[in-house]
Amino acid sequence: MHISEGILSAPVLATGIACAAAGVAVGLKKIDYDRMPKVAILSATFFVASLIHVPIGPSSVHLVLNGLIGLLLGWVAFPAIMIALLLQAVLFQFGGLTTLGINTTTMALPAVICFYIFRCRVMSKNDWISAISAFACGFTSVALGAILVALFLVFTENAFLAPAKLILAAHLPVMVIEGIITAFCIAFLKKVKPELLEVDHDME
């Protein structure tokens, strides 16, 4: 889902930077410093999971886990994901500095959207409702991210329409896998570490 450098137009890059900057600003304002270890662990999890990737045209396919991160962090997903992407760009030339804003937006914005859509249902005491909602969160977060990547490519140049369609199709199995992983992680945390699922109202 990372978009490489030298592909997107300047207006699209500027849009991504503006969106990412706004999201990171809100996220930093909402961070509870007592929960910084939780944020750091999730940022590191994203860093490792998304390093294993398969290049697809101007982008790539890999695990994202942004749905899980969104459920656990809310708006703080923006700075958590941005830091991981920055380290990937600097250490491994994965993504890039000029596309940092776009890549942050495509992965963090769906995380925040899914937080508001699925958070209450995931916290349900009914295990089936919680599991189905967690699966839907993981699935939807990747789907929204892939759609954003496709839109950014098409807005840059119509010639990217075919690669954009390929990226959407290639992410279909990832959506299912992410849904399963998110559902498993939420069920596990609810049993062994339910306090990790708590999100302060300031983070919403």
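All of the numbers you see were taken from the coordinates with simple rules; none came from a lab. Note that the coordinates shown come from a computational prediction; the quantities given were computed from them, not determined experimentally. Cβ placement follows ideal geometry from the backbone for every residue including glycine, while neighbour counts extend to all protein chains displayed.
Before we move on, is I132 surrounded by 17 or more Cβ atoms within 10 Å (Cβ to Cβ), over 21 Å from F46 (Cα atoms) and of a type in the set (V, I, T)? Criteria met by I132. Close contacts from region 154-172, counting a first residue that is assigned to a helix (DSSP H, G or I) and a second that is among the aromatic types (F, W, Y) and surrounded by 15 or more Cβ atoms within 10 Å (Cβ to Cβ), with Cβ to Cβ under 8 Å and a gap of 6+ residues or different chains, come to V154/F160. Note on region 67-115: among residues that are part of a helix (DSSP H, G or I) and touching an Asp or Glu at 6+ places or on another chain (Cβ under 7 Å), the one that is surrounded by the fewest Cβ atoms within 10 Å (Cβ to Cβ) is G74. Among the residues of region 1-48, those identified as among the aromatic types (F, W, Y) and surrounded by 14 or more Cβ atoms within 10 Å (Cβ to Cβ) are F46, F47.
S133 falls short on exactly one of the conditions (1) among the polar types (S, T, N, Q); (2) without any contact (Cβ under 8 Å) to a residue 40 or more places away in the chain; (3) more than 22 Å from I113 (Cβ to Cβ), and that condition is (3).
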